[in-house]
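Beneath this line is the structure, given in structure tokens, with notes to follow.
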Amino acid sequence: MRYAYYPGCSLHASAKEYDISLRAVSERLGIELIEIDDWNCCGTVHATSIDRMLALGLAARNLSIAEASGLSLAIPCSGCYKNLRTAAEMLSEDASLRARINAGLETRSYQGSTTVKHPLYIILEDVGLDSISDLPRPLQGLKVAPYYGCVLTRPAAVPPVDDPEDPQGLDRLLEALGAEVVPYPAKTKCCGGAVLLSHQDVALDLTGELLKQARRAEADCVVVVCPMCQLALDGYQSKVERRLGERIDMPILYFTQLMGLALGIDERRLGFGRLVVSPAKVLARL
Amino acid sequence: MGWLLPNTEVDLEFRRQVEALSGHNIADCYQCGKCTAGCPVAFAMDYPPNQIMRGVQLGMRDAVLSSGTIWLCASCETCSTRCPQDVDPAGVMDALRQIAYAEGIKSPEQAVPLFHRIFLGSVRQFGRVYELALVGFYNVFSGHYLKDVTMAPKMLLKGKLNLLPPKGGDVGGLKKMFDAARELEAERE
């Protein structure tokens, strides 16, 4: 299985462990990820908020690079995934919009044929849970709180990949890996990541609520798919603790890191050392 | 809060502009309130989402475009997912931000459009995000010089913060795209 791969800016910086663990898991599953050449930033919420043509242009450039390979484009960061996927859907339908965006691309031209997929759903749909039944190190006894974040399932893809209100994809994957998934209400509620810098108190309130719910549900860790959520829940957890006036000490892991462990990949190859809140107690359980 | 809205102040051109940008019919909103009920940041907004939608319906250009709400919106898409009338409040928020930003309209939330501008400036300059420059400029221009400085050593130690700027992203081509986008946007309206 081969996919074009768009890591996005954070997987080369604050979310390096996501890139590291995704590559390790992909290699083990026989998925080849080919990072597209010379990709540019997708613009995140900043482009879509203030300049629609720019947001589409930034996405179209990346989509055209992937299009040249003829492969589907795998995008692990939820924000980048939303931007490029919605742009691909819009530009495949609207030929006149595509022509106008291409006019701004100069040397490149997007023809509207790239399919964008998130690695979670590549694993669920293209690989299939049946293929990962032989687990060297199943996550037995580990209680996990799967956190989808906002934009993985919203707006709904065309065709939809999961329910936007109560998605099940990550739940099913974690169960297949042997973990016990604990239910909690905020599994798709915004962590506030988008306003982390500009309205930190608001973001900390949202993140704090999420962490408290996970703790109340007796989760050993929260499992994430998005670098922004991971940064808010992990990197900023000490700030949340100060704001709440209580210790939380909840490890926040990328789903690829846990999956890598279950598949028997050495933990040193999964970027656990880069997590801010120590995952030691999770690793000790397995 | 009460409003007295004379006919002369209803700006239907504004409403048309928002509908054209967002691609949805604002008149369909029947004020069910699901957008506000689901909005994770509504608690911190001056006008909750359903009031903004009502404001657009009534052509209340100044009140809507100078609200803090449109900038506090976290783009989480919960509202649009739940809207029974497919009015796409998240898309309307995007449209309102685009109009307000293009016209330089001031709101109580100046830090947010500032951050958008700095972020995009950084992308234009480097092709990809350069966190040090991004946070550095944001702190300086927003006047909170030492904000989150304690995060930096932690992130550096974990290898999560690159000291050097990123490479790649066809910076030359991007600069042209940024300029072209401005013209394309003007054409659209």
Cβ-based exposure ranking for B:Tyr145, A:Tyr236, A:Tyr18, in which fewest neighbours within 10 Å come first: B:Tyr145, A:Tyr236, A:Tyr18
Rounded tilt (10° steps) of A:52-69 against the dominant C-alpha axis of chain A: 90
10 Å Cβ neighbours from other chains, averaged over peptide A:8-14: 6
Fluctuation leader among A:Gly79, A:Gly235, A:Gly193 - chain A, Gaussian network, Cα springs under 10 angstrom: A:Gly235
Value of [θ]222 nm, deg cm²/dmol, for the protein assembly as shown, DSSP H segments ≥ 4, -39500 (n - 2.57) each, nearest 500: -14000 deg cm²/dmol
Segment B:74-84 - phi-based ³J(HN,Hα) in whole Hz, Karplus 6.51/-1.76/1.60, Gly and Pro as x: 8, 6, 8, 6, 5, 4, 5, 5, 9, 4, x
Size of electric dipole in segment B:1-157: Cβ of Lys, Arg +1 and of Asp, Glu -1, about Cα centre, debye, nearest 20: 440
Most fluctuating residue given options A:Arg269, A:Arg242, A:Arg23, as computed from a GNM of chain A linking Cα atoms under 10 Å: A:Arg242
Burial order of peptide ranges A:144-153, A:117-126, B:150-159, B:27-36 (average beta-carbon count within 10 Å, highest first): A:144-153, A:117-126, B:27-36, B:150-159
Shielding by other protein chains, B:39-45, mean Cβ within 10 Å: 5
Mean-position separation - Cα centroids, segment A:105-184 and segment A:46-91, in angstrom: 19
For chain B, cysteines whose Cβ has no other cysteine Cβ within reach (under 4.7 Å): B:Cys29, B:Cys32, B:Cys39, B:Cys73, B:Cys83
Selection from B:Thr81, B:Met60, B:Gly33, by position along the positive dipole direction of chain B (Cβ): B:Thr81
Distance violations [Cα-Cα > 21 Å] among A:Lys143/A:Lys281; A:Lys117/A:Lys212; A:Lys189/A:Lys212; A:Lys189/B:Lys34; A:Lys239/B:Lys158; A:Lys82/A:Lys189: A:Lys117/A:Lys212
B:Ala152-B:Glu13 pseudo-label distance in nm [points 7 Å out on the Cα-to-Cβ vector]: 4.8
Inter-chain shielding of A:265-277 (mean C-beta neighbours from other protein chains, 10 Å cut-off): 1
Principal-axis tilt of helix A:78-93 within chain A, Cα atoms, nearest 10 degrees: 30
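Every number in this text was worked out from the coordinates using simple rules, so none of it is lab data. Quick caveat, the model's predicted, so the values are computed rather than measured. All Cβ positions, glycine included, derive from the backbone under ideal geometry; neighbour counts span all protein chains shown.
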